[in-house]
1. Scan segment 347-384 for residues that are at positive phi and not basic (Lys, Arg) and report the count.
2. Would you point out the residue of segment 399-422, among those that are surrounded by 14 or more Cβ atoms within 10 Å (Cβ to Cβ) and under 19 Å from Tyr374 (Cβ atoms), that is modelled with the lowest pLDDT?
3. Can you name the residue in segment 73-99 that is among the small types (Gly, Ala, Ser) and at pLDDT 70 or above and is also surrounded by the most Cβ atoms within 10 Å (Cβ to Cβ) among such residues?
4. Looking only at segment 201-222, count how many residues are crowded, with 19+ Cβ neighbours inside 10 Å and at pLDDT below 75.
5. How many residues, within segment 335-380, are assigned to a helix (DSSP H, G or I) and either of a type outside the set (S, T, N, Q) or in contact with a His (Cβ under 8 Å, 6 or more places away or on another chain) (or both)?
6. Looking at (1) under 23 Å from Ala225 (Cβ atoms); (2) without any contact (Cβ under 8 Å) to a residue 40 or more places away in the chain; (3) in contact with a helix residue (DSSP H, G or I) (Cβ under 9 Å, 6 or more places away or on another chain), which is the one condition that is false for Lys415?
7. Quick check on my filter: what residues within segment 269-310 are at negative phi, within 29 Å of the chain's Cα centre (by Cα) and either of a type outside the set (A, V, I, L, M, F, W, C) or assigned to a loop (DSSP other than H, G, I, E, B) (or both)?
Amino acid sequence: MKRKICRVLCLLLVVSGLAGLSPRGVLVADAAVGYESLLALIHTLEVQLAQHPAAERSAMYHSGRPYFETNEGIDALIAVVNGDANTVPQSIADFADYFSARKSELLFVLRFIRSLPESERQRAIRDFTDRTAYPDLTRAEEDALNAVYAELVGAEFRDALATDHRITAKVFLSLLSCIRGSFTLTDDRENTNKLALDDPPAYGKEVLTDIIKNGNTSASNAAIANYKRVFEILDMYTPYKSTSGGGPGGGNPPRVPVNPPVEPPPNVPVQIPAPSPDTEELLSVLSGLPDALEHWSAPYLAVMVGKGVFRGYGDGTFRPDLGITRQEIAVALVRALRLEARLGTVEETPFDDGGDIAEWARDSVALLLQLQIYKGYGDGTFRPLNIISREEMTAVLERSVAQTPNGAVLPFADKDDISGWALASVEKAFALGIVRGYEDNTFRPLNDVTRGETATMMYNFMTTEHLFAED
């Protein structure tokens, strides 16, 4: 379902965004067009394209291309959909026949495409035909774009586009760039991990709002963050900035003493203050876990245990200095992300050692794998009983985060020991204040992460992602 929602969002990105540029009176809304009917249109399109070999798809594109470049051409296609097949070649008329059951949706799309200025439409189509890649993307932007493209296009068809037609994610973005300025998105005010319309289109607002609502519900924060970054590339996303200072009258505070992060100057990591429960609160939450109560991480443990993210053992201990396994992290992270309702909805991903995953952890592991927060190893194993390292833990949290840091230089004396695949994750998590080093200015990336350290990192992550505000 998430992939379908992302595809509809992409379609709406193209068609709903054009409304702001449409001449008054050109477009007529059809009450039959909505979220479900657009899904059906996309499905019909996928089925029909899959039935044609590469050479035929290419020929169809080049036959149809001139009609999309001019308003007269779009009018001719609209006439075909309305039953007049004399204005276009028979091959195009035959293809349009496949969509007879989705006439209203197809007219909706064509009319929105027509509303785009011809010059912008022609530029985008020319760039797409020439396989012109969208220029000057940073590494983070390209990673986000690739993730979004993978959501929009199935792996098999994506490979076919790359192999048969030399279409990549950056070429795809060049085509979408023609809608820049048609509408803008921002963060949801109640939960800034989610999306909301900022400057909505004059036409199609209700449908686009419904798509965003469904995406906010079903997609992970990490997936939504990728969409935000792609829209930001197109100057169509602006982070929400509250104009209120909070304080009395500003809403109910969290039920635990969670301190907000302190915004830093550029190139300095965010400072997230430690939680500050008083003695009574500590005793109330940790009284049954004496080894936690006496540990340096007790303030963090009080919050995380109180929230139900972490739990102690049956013998009344928490064992804060003990390492934590990959499957234990999966269960805790699902709780932190408030994804329990989605457990059991994902088919288990096969691993050679899948039988080693405990029954109580299997649904959590499967869900995080689907969300691309967790990954297996190159040899086809998951290694659920492995104690997770500090750099692995950092990477898992970084894949879950939606916020964008200002950037900060790693100060650690042993930063060269950080694995290449984990370096960008450590840099981002450090800049956001999620992870820190030790007093001797080391990070110790390959060390086992302890349960106390994990609770601290998870607290910082949940504070960064405003997850406590959802209570």
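The values are calculated or read from the model by the stated rules, or taken from the named source; none is laboratory data. What you are looking at is a predicted structure, and each value in this text was computed from that prediction instead of being measured. In this analysis, Cβ positions are derived from the backbone assuming ideal geometry, glycine residues included, and neighbour counts consider all displayed protein chains.
1. The first filter runs over segment 347-384 and keeps only residues at positive phi, leaving 372, 380, 383.
Remaining after also requiring not basic (Lys, Arg): 372, 380.
Looking only at that region, the number is 2.
2. Among residues in segment 399-422 that are surrounded by 14 or more Cβ atoms within 10 Å (Cβ to Cβ) and under 19 Å from Tyr374 (Cβ atoms), the one modelled with the lowest pLDDT is Ala402.
3. Going through segment 73-99, the residues among the small types (Gly, Ala, Ser) turn out to be 73, 76, 79, 83, 85, 91, 93, 96.
Among the residues that remain, those that are also at pLDDT 70 or above are: 73, 76, 79, 83, 93.
Details: Gly73: 20, Ala76: 17, Ala79: 14, Gly83: 8, Ala93: 16.
Once the filter is applied, the top-ranked residue is Gly73.
4. Let us first name the residues in segment 201-222 that are crowded, with 19+ Cβ neighbours inside 10 Å, namely 201, 203-204, 207-208, 211-212, 215, 219-222.
Remaining after also requiring at pLDDT below 75: 201, 203-204, 207-208, 211, 215, 219-222.
Qualifying residue count for the region: 11.
5. 18
6. The number of the failed condition is (1).
7. Pro269, Val270, Gln271, Ile272, Pro273, Ala274, Pro275, Tyr300, Gly306, Lys307, Val309, Phe310, listed by residue number.
For every residue, the table says whether it meets (1) closer than 15 Å to Phe128 by Cα; (2) of a type in the set (Val, Ile, Thr); (3) assigned to a loop (DSSP other than H, G, I, E, B); (4) not assigned by TED's automatic domain parsing to the domain that holds Tyr61.
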site: Glu156; (1), (2), (3), (4): no, no, no, no
site: Ala160; (1), (2), (3), (4): no, no, no, no
site: Asp164; (1), (2), (3), (4): yes, no, no, no
site: Ile167; (1), (2), (3), (4): yes, yes, yes, no
site: Leu176; (1), (2), (3), (4): yes, no, no, no
site: Gly181; (1), (2), (3), (4): no, no, yes, no
site: Thr186; (1), (2), (3), (4): no, yes, no, no
